[in-house]
Structure formats: C-alpha cells, structure tokens
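Here's the structure, in structure tokens; my notes come after.
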Amino acid sequence: MTDIFTVSIHAVEGSTLRARVHIINPDVPFVSDEAAFPLALLVDAWFLLKNGYLRNEASRDGRGDRYPFSAQRGKDVVMGMRRGEEFHELYRLKRGGRTPGYDPADFYRRAATIVTSHSVSPVHNVPSWSEVSAFDDPDEPWEPGEREKFAGLEGPADLSEYRTWVLLRERPFSSRPYVDLTATVSDASYVEHLIGGMRWSTTQTGYGY
C-alpha cells in the first residue's frame, strides 16, 4: 500500500504520546480525530519493531525512517513488552477484515478504552491559494483558465486539490503540511516501545482495516 502519513515521535511522557503527523499523500489530505488513529499508530510501530523493519534510512525526500537504536534493540524492546500478547491481539483485530473470526469493529471498541484522551491540532504549513496560483512547474503546465480560477480564491489552499500538491512536492519535508497529535493511554505499558526520535511512514489512517 502507498504511504499516507509520516509520523515523528517527539516525546513519551508517562502514558502520554506527543507526535507530529505529516500529510504526504493527496489521497488522504486530513488526519483522523478518532481514537482508533493513535492506537493504529501504536500497533504499527509495534509491528515494525517486532520485525526489525524500523531503522535509519536514506533521506527519501527528507522523510526517511529514524530509530535511535539498532533494529535488534527494537526487537528486544518488543519482546520484553508487558502487553506483548495484547499487541498481537490488537494487530489481528486491526486486520480483522482479512482474518477469519475477527470483527474489525472490535478494534475501534478497544481503542475507546485504551486511548483515554487525544487531540489533533489544525493543519499547519498549508499554502495559500495565491502561492498555488503563482507557482510554475515546467513538468505540470497550467491548462487554459486554470491559473485564473485559483488566483481568484482567498485563504488556505484545499489539500484535496491536485494543484496544491504540485507546489507542495517542491517544498522540503519540514515545510509540508502537518498536525500535532497528543494521545494519552490508560497505562504507560501501551507506549513503552516508543521513544522520542522515532520516525516512520505509515499506511494507517484510523479508518478501515
């Protein structure tokens, strides 16, 4: 599947996670405010660490994966998790649409009990319509009348609009749209595999399976 977001862990303070979520795919130009989204990210990180997939990568347009320790250390952390078996179960529930005997709705019910509070900030780094209309890309020429259409609009550009992403593709990763995510879980053992400095790209959206 195509990556949807890039997640950067800023800090884990007790049972509270603070992260930044960059929007990198125009097909999903928003971040879910449902409790299932932060839980899906916790399960995603668990899966990546368990299999040794999370390690420092080359830039990848400035958003390469980052992990402060070795891949083996990540595996060891997951192996020692107090809720290891529960994460196995949550992973199966998250994939409920493809696992016989599991109801995918169970994952969302579990999220409501595990994630006790969460918040998603407004989207930052959204360009204005004037910036979109002023940008010229020789590989993406304007259609007749198209530039004028956007030049007449005011305020932040629409992230679901193709022309917005023509501009965003030319910006460094740090200058692309993002939200700040804060989530508190019912017990710190749900976030003991996370640490500030982690970064990975994910297909998880908080919706679907």
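Residue by residue, here is whether (1) surrounded by 21 or more Cβ atoms within 10 Å (Cβ to Cβ); (2) touching a Leu at 6+ places or on another chain (Cβ under 9 Å); (3) at pLDDT below 95; (4) of a type in the set (Gly, Ala, Ser) holds:
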residue	(1), (2), (3), (4)
5	yes, yes, no, no
17	yes, yes, no, no
21	yes, yes, no, no
33	no, no, yes, no
39	yes, yes, no, no
45	yes, yes, no, yes
52	no, no, no, yes
92	no, no, yes, no
102	no, yes, yes, no
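Considered as a group, the residues in region 160-209 that are out of contact with any helix residue (DSSP H, G or I) (no Cβ under 8 Å at 6 or more places or on another chain), touching a residue at least 60 places away in the same chain (Cβ under 8 Å) and aliphatic (A, V, I, L, M) include one that is surrounded by the most Cβ atoms within 10 Å (Cβ to Cβ), and that residue is 179. Counting only helices (runs of 4 or more DSSP H) that sit completely within region 1-119, those holding 3 or more residues that are under 14 Å from residue 190 (Cβ atoms) and in contact with a Lys or Arg (Cβ under 8 Å, 6 or more places away or on another chain) correspond to 36-50.
Within region 123-139, the residues that satisfy the criterion of being open to solvent by 50 Å² or more (accessible area, probe 1.4 Å), touching a Phe, Trp or Tyr at 6+ places or on another chain (Cβ under 9 Å) and without any contact (Cβ under 8 Å) to a residue 60 or more places away in the chain are 124, 125, 130, 136.
In region 140-159, the qualifying residues are those that are in contact with a helix residue (DSSP H, G or I) (Cβ under 7 Å, 6 or more places away or on another chain) and outside any loop (DSSP other than H, G, I, E, B), and the one that is surrounded by the fewest Cβ atoms within 10 Å (Cβ to Cβ) is 151.
The values are calculated or read from the model by the stated rules, or taken from the named source; none is laboratory data. Keep in mind that what you see is a predicted model, and the values were worked out from it rather than measured. Cβ coordinates were reconstructed from backbone atoms using ideal geometry, including for glycine residues, and neighbour counts include every protein chain displayed. Surface areas here come from the heavy atoms of the whole protein model, side chains and all, with no ligands, DNA or RNA. Shrake-Rupley method; radii C 1.70, N 1.55, O 1.52, S 1.80 Å.
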